[in-house]
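Inspection log for the structure reproduced underneath, given as structure tokens.
Read-outs throughout are calculated quantities, based only on the coordinates presented, and are distinct from any laboratory measurement. For clarity, every value in this text was computed on a predicted model and none was experimentally measured. In this analysis, Cβ positions are derived from the backbone assuming ideal geometry, glycine residues included, and neighbour counts consider all displayed protein chains.
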């Protein structure tokens, strides 16, 4: 394998320039800012523009800081290369997540891994050394007056006319000396922003970290990344491809999946909702085991906690991925099903505040539809009314809590906020709220009342 540690500047620049255009599966990465700036560094070194190389290096460093790669290796450059392999939904990852193996795709991925593995041996110190050596070469190179042959060749390549050679007895014409280089001396290495920032550590939490950490360590310790191609296929086949490696909760936004933040402990399960919670959890577990389960409908009035009950599954079943489809979301069911069915994961598709007569809902849930949900997708609806075709759904109904249950909910919310609740005071506040607000004793009302009581402490 080529070594950037001891190579001559011209060799290093040529090697970098030859590697980047050869990417195939990861070809889009060639257009990324980091690779573009690295190519510019190599070009500047080749041309002897050491000031340009310095400028391009810092642009490269800025691009590495801004590219969004996860901080894991302790080195900005390695973080970027790891993100290309693990966090991009490239064709090889998507193929593996779908359980397919195309030998041509595998060969192309192995070639890309060989390139990235070689580039992984490059660091900022190597680029500084090459720039410094190139600068010394140019400083020591004598500047001679051009002879007739160089003048002729320069004119030809420039498209100009060839001046005749001077007569033998003509006085020599002295060429003007080339201007001194703008950068007379290389800045010390300490003025080049380093890429190294610490030790190997998974600084953000990803849902696939248990397996991803092992893959990252093996990539960092293996000189030839091609040897890990099959291991990468197995990883994607088991844990899916981006973005499902990072997050478990998503919502549909303009025919795309975006992460959905969900604070822990958002929903307090009340005794009055325990039967529905248990039934929902058991239904989801059967689905995750691969058993046949019908779509689920959570029916009840507004604010009763239907959505929160469904979202609570994310805390109880970490292996389950959840996709929230709001009522007003514009979504192509075919696109969504295609995206989810291509993953080796189990999804709960939560259609919130569903219009049971809407075409999207009918296409998903009708037993006579031309297409249905993939086997790895469990549809769950929340709605204010029961389904007209009860045979297509398993229905769980929720109703407003009674005053005692409402007070229990407020007390639990206060405890979450670090406030020790006084049961008698909380009950009185709940009674007053019901009388004054003339509002239903909903989950959202309990949250508002808990916030008011906590602010008074």
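Spin-label model, residue 327/residue 227: points 7 Å from Cα along the beta carbon direction are separated by 5.8 nm. Here the stretch 179-241 and the stretch 1-47 have alpha carbon centers that stand 17 Å from each other. On the beta carbon distance between residue 51 and residue 253, with R0 = 51 Å, the FRET formula returns roughly 0.70.
Report Rg(Cα)/(2.2 N^0.38 Å) for the stretch 270-364, keeping two decimals. List each step's numbers first, then the result.
On the way: Rg = 13.7 Å, N = 95, 2.2 N^0.38 = 12.4 Å.
Taking the Cα Rg and dividing by 2.2 N^0.38 Å, one obtains 1.11.
For the peptides 334-341, 307-314, the ranking by packing is 307-314, 334-341, with the highest mean count of neighbouring Cβ atoms within 10 Å listed first. Size check on the stretch 388-457: the Cα extents along the three principal axes, sorted descending, read 50, 26, 17 Å. Computing Rg and the Kirkwood Rh from the Cα coordinates of the stretch 199-343 gives a ratio, Rg/Rh, of 1.03. Suppose each label sits 7 Å from its Cα in the direction of the beta carbon; what would the residue 440-residue 104 distance come out to in nanometres? Once both label points are built, they end up 5.8 nm from each other.
In this rough spin-label picture, where each label sits 7 Å from Cα along the Cβ direction, the residue 452-residue 10 distance is 8.2 nm.
If the chain between residue 289 and residue 111 were fully stretched, how many nm would it gain, using 0.36 nm times the residue separation less the Cα-Cα distance? Please report the intermediate quantities before stating the final value.
Numbers: separation 178, 0.36 × 178 = 64.08 nm, distance 3.79 nm.
Length gained, residue 289 through residue 111: 60.3 nm.
Each peptide in 1-11, 244-254 receives the mean, over its residues, of other Cβ atoms within 10 Å, and ordering these scores from highest gives 244-254, 1-11. Counting neighbouring beta carbons within 10 Å and listing from fewest to most, the residues 40, 444 come out as 444, 40. Enter the Cα centre distance for the pair the stretch 120-141 and the stretch 76-119, rounded to the nearest angstrom. One Cα centre to the other: 30 Å. In terms of the mean number of neighbouring beta-carbon atoms within 10 Å, the peptides 222-228, 298-304 order highest first as 298-304, 222-228.
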